[in-house]
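Please read the structure below before turning to the comments.
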Amino acid sequence: MVEDVLGRVLYASAPDADDAVEAGASLLAADAGQWPAVGRVLLRRAEQLVRQAWERGWQPADLVRMARRTAPDDARPTRLAVDLIAAEARRYAPGTPAPRWEAQLRELGAEAWWTADDRFLTELGRREAMDRFPLAEALLEVMRLVFGLPAIEPVGPVPGSSGHRTTPPAAPPRTVGEPKMLGRIRALLAKAEATDYPEEAEALTGKAQQLMARHSIDEALLAAGAGAGPEGAPEAVRIGVDRPYESTGAMLLDAVAEANRCRAVWNDDLGFSTVVGFATDLESVELLYTSLLVQATAAMTRAEAGQRTAGRKRTKTFRQSFLLGYANRIRQRLSAATERTVAESATELGERLLPVLAARDVAVAGAAEEMFPVTTRHSVRGARDAQGWHEGTAAADRASLGGR
């Protein structure tokens, strides 16, 4: 019975999907005595669907983001998606997933909390305060979402395919001060996000960018000196860009990626950018982009408050123009900061630096083109609110990344 319901729900066409889910939930919830057996089958099939999503290129954070994107006003689909991820993850041997994958599972809190598979639905219903029918309906909707995800470009290995992690090639030795350096960068950006004083945010963010750029150069020279093989090759990460104003968010991410010697490819249908680069630079992109988003949002809120105080009503057009001006100016200032840091480092380190950086640029470009042989450029609607554009540009100046 369960398999028949799933067949009808998963393969229903879009116009008939709601009716199929409702009818399927009614059948699954009709008999309380069969509820534990239904739970076991649903959980097993959900694990299979999640595994198939991994094989089509998706990762835990991606799947949860899609659940949140599909139902932004309802947290239950997101929690259910995390539960299904936790169920599938039970098959992994310790140490099998890659570190980035393991980090996503930890951040999501994807751990099996139910006491037994035959009590999954009962305990889930108690946690969500849902009766059998709405619970079955919600679960079917999430399973349909996972089943319908398209194949995308993989950004890492699928975990759990064997009982142990494949031994990676020997990596160049890490510098002793690296964890301390990353900790300093995170602390500086956190302070820049928290302060209400633009000049202080400028100084803190600028210092963080200087440390990032220098850290990237040190890593490049270290890898080149050690003759790093595949472990030193470009990697890729997916970074979600949330609504609203996702196009301007993607522009800001592209600016940050470009300044940190990475390539970003935006998927507007699925709401994420894939960023290709070396591991150290990818971490810098994630840190800086997240921080700039926080700073941009705070600055935009302050600007809107000022406009309202002056008696001028501002709308979505103001916010869109603000973020366009912000992203445009950040791109200019990041590019200048990167060029300045490289020039200063080249003076200090001599002729060996520029060929190393050029080789890494070629490697990143090649990896991006291999992943995305066909890309399309899209125009973004221009700023239609002059005040918003000027306010956003001014906010980007205050978030200067070139140091003082």
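Tally time: how many residues in the range 333-374 are open to solvent by less than 90 Å² (accessible area, probe 1.4 Å) and either among the polar types (S, T, N, Q) or part of a loop (DSSP other than H, G, I, E, B) (or both)?
Taking the range 333-374 and keeping what is open to solvent by less than 90 Å² (accessible area, probe 1.4 Å), we get 333-338, 341-343, 345-346, 349-350, 353, 355-361, 363-368, 371-372.
From what is left, the residues that are either among the polar types (S, T, N, Q) or part of a loop (DSSP other than H, G, I, E, B) (or both) are 335, 338, 341, 345, 350, 372.
So the answer is 6.
With the range 38-121 as the region, which helices (runs of 4 or more DSSP H) entirely inside it contain at least 1 residues that are touching a Ser or Thr at 6+ places or on another chain (Cβ under 8 Å), touching a residue at least 40 places away in the same chain (Cβ under 8 Å) and of a type in the set (A, V, I, L, M)? Walk me through how you get there before you give the answer.
Working: elements: 60-70, 76-89, 99-108.
In the range 38-121, the matching helices (runs of 4 or more DSSP H) lie at 60-70.
Among the residues that make up the range 67-82, is at least one of them open to solvent by 10 Å² or more (accessible area, probe 1.4 Å) and more than 28 Å from residue 246 (Cβ to Cβ)? Walk me through it before giving the result.
In the first step, residues of the range 67-82 are kept if they are open to solvent by 10 Å² or more (accessible area, probe 1.4 Å); the result is 68-79, 82.
Still in the list and also more than 28 Å from residue 246 (Cβ to Cβ): none.
So far as the range 67-82 goes, no, none of its residues is open to solvent by 10 Å² or more (accessible area, probe 1.4 Å) and more than 28 Å from residue 246 (Cβ to Cβ).
If I filter the range 83-109 down to residues being open to solvent by 30 Å² or more (accessible area, probe 1.4 Å) and among the acidic types (Asp, Glu), which single residue comes out as farthest from residue 140 (Cα to Cα)?
Restricting to residues being open to solvent by 30 Å² or more (accessible area, probe 1.4 Å) and among the acidic types (Asp, Glu), the top hit is 102.
Could you go through the range 160-168 and let me know if any residue there is touching a Phe, Trp or Tyr at 6+ places or on another chain (Cβ under 9 Å) and not in a helix (DSSP H, G or I). Before you say what the answer is, go through the steps one by one.
So the first thing to find is which residues in the range 160-168 are touching a Phe, Trp or Tyr at 6+ places or on another chain (Cβ under 9 Å), and the list is 160.
In the following step, the residues that additionally are not in a helix (DSSP H, G or I) were identified as 160.
Yes, some residue in the range 160-168 is touching a Phe, Trp or Tyr at 6+ places or on another chain (Cβ under 9 Å) and not in a helix (DSSP H, G or I).
Hey, residue 144 hits all of (1) modelled with pLDDT of 95 or more; (2) open to solvent by 20 Å² or more (accessible area, probe 1.4 Å); (3) under 20 Å from residue 240 (Cβ atoms) but one; which does it fall short on?
All conditions pass for residue 144, except number (3).
Looking at this structure, is residue 382 at positive phi and at pLDDT below 80?
no
Can you name every residue in the range 222-239 that is modelled with pLDDT under 70, under 28 Å from the mean Cα position of the chain (by Cα) and outside any helix (DSSP H, G or I)?
The answer is 228, 229.
The values are calculated or read from the model by the stated rules, or taken from the named source; none is laboratory data. Predicted model, so just to flag it, every value in this text is computed and none were measured. Positions of Cβ are generated from backbone atoms using ideal geometry, with glycine treated the same way; all protein chains shown enter the neighbour counts. All accessible areas refer to the heavy atoms of the entire protein, side chains included, with ligands and DNA or RNA removed. Shrake-Rupley method; radii C 1.70, N 1.55, O 1.52, S 1.80 Å.
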